[in-house]
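The values are calculated or read from the model by the stated rules, or taken from the named source; none is laboratory data. It should be emphasised that the depicted structure is a prediction, and the values quoted were computed from it without experimental measurement. Glycine also receives a Cβ, built like all others from the backbone with ideal geometry; neighbour counts cover every protein chain displayed.
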Amino acid sequence: MTKPASIQPVAGAPFTPGRKPKKAAPDTSPIEASSKLSRTLVFVGLVLLGMTFVVPFVWQVLIALTENPSEVDTLTRTGMPPAIEPGNFAKVFQRVDFAKYFFNSLFIASWATILQVITCSMAAYAFSRIQWPGRDKVFLLYLGTLMVPGVVLMVPNFAIVLGLGMFNDYTGLIIPAAFSAYGTFLLRQFMLTIPSSLDEAASIDGAGHWRIFSQIILPLARPGLIVLAIFAFLFNYNSFFWPLILTKDDNLRTLPLGLLQFDSTYGPETNLIMAASLMAMLPPIILFIVLQKYLVKGIQLGAVKG
Amino acid sequence: MAHVSIKSVAKVYEGKVRAVDDVNVEIADGEFVVLVGPSGCGKSTTLRMVAGLEAITEGTIHIGDRLVNDVHPKDRDIAMVFQNYALYPHMTVRKNMGFGLALRKMPKQEIDQRVEEAARQLGITDMLERKPKQLSGGQRQRVALGRAIVREPSVFLFDEPLSNLDAKLRVTTRTELKKLHQRLKTTTIYVTHDQEEAMTLGDRIVVMSAGRGVGKVEQVDTPLNVYRHPKNRFVAGFLGLPPMNIVDGKLAESDNGLWFDDEQGLRVRMEDRYRDQLISRVGGPVAIGFRPSAMSEWGEGTYLPPDGVQNANRITVVPRVIEPLGDSIDVSCECGSAKNIVARLAARADFPTNQEVHLSLDMAHVHLFAPGEFGENLIH
Ligand SMILES: Nc1ncnc2c1ncn2[C@@H]1O[C@H](COP(=O)(O)OP(=O)(O)O)[C@@H](O)[C@H]1O
Ligand SMILES: [Mg+2]
């Protein structure tokens with residue numbers, strides 16, 4: 001999670017007139033043959049690396065299509081699925097309230113993401129663009145909370161949420177996730193790369209803090225917001241432990257908790273787990289595909305001629 | 001339209017760094033005033049206090065008759081052009097220029113009208129729908145100018161607006177700025193470190209320095225007055241290119257008058273009319289200053305009284321390097337204790353080098369300074 005470092009120069013680039021992207025020198029090396037060889041080696045290496053990502057996925061698909069849990073064994077030994085059974089996907093919905101889990105996960109992760117982007121961007125604005133006494137010390141303190149391991153905070157957090165009457169409730173799952181020191185840090189670093197003369201020009205033009213935030217800083221920080229949105233969504237969508245200890249009712253369960261159900265009563269039903277988790281993977285993938293366009297655009301800003 | 005009055009203004013950053021001290025400048029309505037000085041002397045700080053971007057630690061600033069110390073930038077009726085232009089990268093040129101008007105709730109039609117008129121004047125009509133990153137440096141500079149113009153403020157503030165342009169564009173834009181000011185007659189405060197820009201643009205210039213550990217105003221006057229009558233050695237050395245020649249030495253008295261003498265061969269007899277104001281300095285250290293253009297070739301057979309003349313002195317130099325400039329030549333020479341005196345002389349192809357040459361020094365353009373970097377001008 002070292003994204004900020006890779007974003008910074010990108011955000012800075014559009015404001016440095018005259019900076020030209022460095023073009024790689026054309027490959028006119030006399031030792032053409034050896035460079036060809038080394039390029040082949042790199043290619044082979046990349047293919048192997050790619051396989052390590054693809055193979056487990058293919059495996060997962062194959063298992064998800066296997067009819068009987070006991071046949072997963074055969075699959076493991078022979079590598080061939082004994083019988084293709086697309087019905088597993090429907091079975092997941094019949095066996096447990098999968099639709100509800102799906103909704104819960106999406107609902108909680110979406111709200112957490114939206115709120116987190118809002119709170120973090122506002123906090124980041126205050127930490128990067130407004131001068132107030134003790135600002136940087138407060139920020140360090142806030143950042144320091146990142147050093148405390150999550151497990152240590154689990155019990156106190158639980159007590160607080162319980163005390164606020166948010167136990168076994170959507171609010172308990174969403175509100176604590178609506179704030180993030182990490183997200184604030186990420187956006188603050190991003191906003192620091194936006195020249196302060198823009199705020200100054202805007203304030204002379206007649207803008208107050210709210211307008212500078214919403215009409216100048218936010219649009220310019222969009223690549224940062226998108227990175228944070230993806231992180232926040234994935235984190236909350238995959239979150240397991242906090243929903244586990246905070247929910248009692250089945251209809252509040254999220255996908256990671258729901259998957260557990262296939263591992264209890266009748267022994268592990270690996271094929272159903274795989275089918276369910278395949279479906280669970282869809283929203284993050286769709287999110288990434290939709291947002292990556294902006295992400296890449298943001299990153300490319302630096303490459304366009306200053 | 002408004003006059004600007006800066007009284008005893010000081011700025012202390014974060015309770016520690018005293019950036020500028022005791023700045024006093026009265027700027028008349030419609031006047032073009034240039035703050036000029038080396039980097040770090042507090043020009044931007046002063047300008048930003050007028051803009052309201054920095055709090056004023058001490059003193060007062062009035063725009064028009066209104067005390068603005070505690071007035072928000074947006075309510076000061078000013079427009080500012082920044083060194084990096086500060087164009088909003090995500091907005092088109094049209095949006096950039098109209099942003100301030102839109103915030104002031106001006107009807108869209110009127111905004112378009114004003115933006116288009118300003119764009120026409122600045123020759124950027126074709127670029128209205130482009131984003132800043134699709135413009136060249138010069139075009140961006142125009143957009144920044146346009147954004148200031150459409151607001152029709154009572155004061156323009158410029159912070160080194162030309163320093164990101166290449167040399168040629170800088171000169172043409174400078175001329176356009178001057179024309180613009182002649183047309184609009186808006187009170188303008190302009191910051192630059194470039195003395196040539198200051199001389200050519202300013203109705204009056206404010207020379208600042210940082211040499212005493214804090215930004216200070218050294219002199220406020222018209223460009224010609226500052227050039228001809230610099231208040232002290234710093235101002236004398238800062239304005240003019242090539243810079244004024246300044247040589248340290250002593251003030252000596254002989255039976256026929258007062259002489260500057262560096263005791264290594266450079267002796268200049270001061271005019272008698274300054275005798276009274278200089279007499280107390282006899283025997284003490286002083287520095288003589290004369291601009292490259294104050295010298296000319298000493299004509300053959302020119303009558304030379306043995307004890308110097310009232311209005312011209314003969315000095316002996318050894319030319320080392322000649323730089324032809326067309327109509328004139330810049331001659332770098334050794335002269336007494338000074339290793340590098342520059343004389344700007346009428347061009348001559350066969351000007352001798354590495355041998356003694358006599359030059360005539362026009363006493364009307366000679367200055368005498370008290371010792372030290374900020375030594376006051378004793379005779380002008
Ligand atoms: N935000 C700031 N915090 C602390 N010191 C500053 C700040 N801005 C400027 N200074 C200091 O104030 C002095 C004047 O700076 P500045 O007004 O920018 O000079 P100039 O524009 O003439 O180059 C410098 O010594 C500079 O280091
Ligand atoms: Mg400056």
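Filter region B:105-130 down to the residues that are of a type in the set (Gly, Ala, Ser) and surrounded by 17 or more Cβ atoms within 10 Å (Cβ to Cβ) and list them by number.
B:ALA118, B:ALA119
Can you tell me which condition B:ALA252 does not meet? The list is (1) in contact with a Gly (Cβ under 8 Å, 6 or more places away or on another chain); (2) not in a strand (DSSP E or B), and all the others hold.
(2)
What strands (runs of 3 or more DSSP E), lying completely within region B:1-59, carry at least 1 residues that are more than 14 Å from chain A (Cβ to nearest Cβ), away from ligand 2 (no atom under 14 Å from the Cβ) and surrounded by fewer than 17 Cβ atoms within 10 Å (Cβ to Cβ)?
Ranges flagged: B:4-13, B:17-27.
Can B:ASP21 be described as more than 30 Å from B:SER136 (Cα to Cα) and within 20 Å of the chain's Cα centre (by Cα)? Reasoning before the result, please.
Details: more than 30 Å from B:SER136 (Cα to Cα): yes; within 20 Å of the chain's Cα centre (by Cα): yes.
Yes; evaluated as a whole, the condition is true for this residue.
Here is a list: A:ALA109, A:ALA124. Which entry is touching a residue at least 60 places away in the same chain (Cβ under 8 Å), out of contact with any His (no Cβ under 7 Å at 6 or more places or on another chain), surrounded by 15 or more Cβ atoms within 10 Å (Cβ to Cβ) and over 30 Å from A:SER196 (Cα atoms)? Give the steps one after another, and end with the answer.
Working: A:ALA124 fails: over 30 Å from A:SER196 (Cα atoms).
It is A:ALA109.
Take B:ALA102 and tell me if it is within 10 Å of another protein chain (Cβ to nearest Cβ), crowded, with 22+ Cβ neighbours inside 10 Å and small (Gly, Ala, Ser).
The answer is no for B:ALA102.
Within region B:214-242, can you find the residues that are farther than 15 Å from B:VAL34 by Cβ and in contact (Cβ under 8 Å) with a residue 60 or more places away in the chain?
B:VAL214, B:GLY215, B:LYS216, B:ARG228, B:HIS229, B:PRO230, B:LYS231, B:ASN232, B:ARG233, B:PHE234, B:ALA236, B:PRO242
Which condition number does A:ILE245 fail, the rest of (1) farther than 30 Å from A:PHE127 by Cα; (2) within 14 Å of chain B (Cβ to nearest Cβ); (3) among the β-branched types (Val, Ile, Thr) being met?
Condition not satisfied by A:ILE245: (2).
Could you list all residues from region B:136-165 that are assigned to a helix (DSSP H, G or I) and of a type in the set (Val, Ile, Thr)?
B:VAL143, B:ILE149, B:VAL150
Report the residue count in region B:60-87 for those that are within 13 Å of another protein chain (Cβ to nearest Cβ) and either surrounded by fewer than 19 Cβ atoms within 10 Å (Cβ to Cβ) or not hydrophobic (A, V, I, L, M, F, W, C) (or both).
Number satisfying all stated conditions: 10.
Kindly list the number of the only condition in (1) within 16 Å of ligand 1 (Cβ to nearest atom); (2) modelled with pLDDT of 95 or more that fails for B:ASN84.
The failed condition is (2).
Take region B:72-100 and flag every residue that is within 30 Å of A:TYR294 (Cα to Cα) and assigned to a helix (DSSP H, G or I).
The answer is B:VAL93, B:ARG94, B:LYS95, B:ASN96, B:MET97, B:GLY98, B:PHE99, B:GLY100.
Within region B:159-177, is even one residue touching a Ser or Thr at 6+ places or on another chain (Cβ under 7 Å), within 20 Å of B:ALA51 (Cβ to Cβ) and away from ligand 1 (no atom under 16 Å from the Cβ)?
Applying the first criterion (touching a Ser or Thr at 6+ places or on another chain (Cβ under 7 Å)) to region B:159-177 yields B:159-160, B:162, B:165, B:174.
Now drop any that are not within 20 Å of B:ALA51 (Cβ to Cβ), which leaves B:159-160, B:162.
From what's left, away from ligand 1 (no atom under 16 Å from the Cβ): none.
No, that holds for no residue.
Going through region A:188-199 one residue at a time, which ones are more than 7 Å from chain B (Cβ to nearest Cβ), assigned to a helix (DSSP H, G or I) and not aliphatic (A, V, I, L, M)?
A:ARG188, A:GLN189, A:PHE190, A:SER196, A:ASP199
Could you check B:LYS133 against (1) without any contact (Cβ under 8 Å) to a residue 40 or more places away in the chain; (2) surrounded by fewer than 22 Cβ atoms within 10 Å (Cβ to Cβ); (3) in a helix (DSSP H, G or I) and say which number it fails?
The number of the failed condition is (1).
Matching residues to (1) more than 21 Å from A:ALA202 (Cβ to Cβ); (2) within 14 Å of chain A (Cβ to nearest Cβ); (3) free of Cβ contacts under 8 Å to residues at least 40 places away in the same chain:
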residue: B:PRO89; (1), (2), (3): no, yes, no
residue: B:GLN109; (1), (2), (3): yes, no, yes
residue: B:GLN113; (1), (2), (3): yes, no, yes
residue: B:ALA118; (1), (2), (3): no, no, yes
residue: B:THR125; (1), (2), (3): yes, no, yes
residue: B:ARG147; (1), (2), (3): no, yes, no
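Name every residue in region B:32-52 that is touching a His at 6+ places or on another chain (Cβ under 8 Å) and not small (Gly, Ala, Ser), in order of residue number. Working first, answer last.
Our first condition is that a residue be touching a His at 6+ places or on another chain (Cβ under 8 Å); within region B:32-52, this holds for B:32, B:36-39, B:43, B:52.
If the condition is that a residue be touching a His at 6+ places or on another chain (Cβ under 8 Å) and not small (Gly, Ala, Ser), then B:PHE32, B:VAL36, B:PRO38, B:LYS43 are the ones that fit.
Can you tell me which residues in region B:268-284 are hydrophobic (A, V, I, L, M, F, W, C), within 32 Å of the chain's Cα centre (by Cα) and either modelled with pLDDT under 90 or outside any strand (DSSP E or B) (or both)?
Hits for region B:268-284 are B:MET270, B:LEU278.
Can you tell which of A:ALA202, A:ALA232 is at the interface with chain B (Cβ under 9 Å from one of its Cβ atoms), crowded, with 18+ Cβ neighbours inside 10 Å and not in a loop (DSSP other than H, G, I, E, B)?
A:ALA202
For region B:169-182, indicate whether the set of residues that are more than 16 Å from ligand 2 (Cβ to nearest atom) and in a loop (DSSP other than H, G, I, E, B) is non-empty.
Step one: list which residues in region B:169-182 are more than 16 Å from ligand 2 (Cβ to nearest atom), which gives B:169-182.
With in a loop (DSSP other than H, G, I, E, B) added as a condition, the list becomes none.
For region B:169-182, residues more than 16 Å from ligand 2 (Cβ to nearest atom) and in a loop (DSSP other than H, G, I, E, B): absent.
Checking the conditions here, which among B:VAL155, B:VAL220 is within 14 Å of chain A (Cβ to nearest Cβ) and on the phi < 0 side of the Ramachandran plot?
B:VAL155
So, A:THR119, is that one part of a helix (DSSP H, G or I), under 20 Å from the mean Cα position of the chain (by Cα), within 14 Å of A:ARG188 (Cα to Cα) and of a type outside the set (A, V, I, L, M) or not?
Yes.
Could you list, in sequence order, all residues of region B:14-37 that are away from ligand 1 (no atom under 16 Å from the Cβ) and free of Cβ contacts under 8 Å to residues at least 40 places away in the same chain?
Hit for region B:14-37 is B:GLU26, nothing else.
Scan region B:254-298 residue by residue and report those that are surrounded by 14 or more Cβ atoms within 10 Å (Cβ to Cβ) and at positive phi.
B:GLY257, B:GLY265
Given the conditions (1) surrounded by 21 or more Cβ atoms within 10 Å (Cβ to Cβ); (2) over 10 Å from the mean Cα position of the chain (by Cα); (3) not in a strand (DSSP E or B), which single one is not true for B:LEU224?
(1)
Which condition breaks for B:VAL191 when tested against (1) modelled with pLDDT under 95; (2) within 13 Å of ligand 1 (Cβ to nearest atom)?
Among (1) modelled with pLDDT under 95; (2) within 13 Å of ligand 1 (Cβ to nearest atom), B:VAL191 violates only (1).
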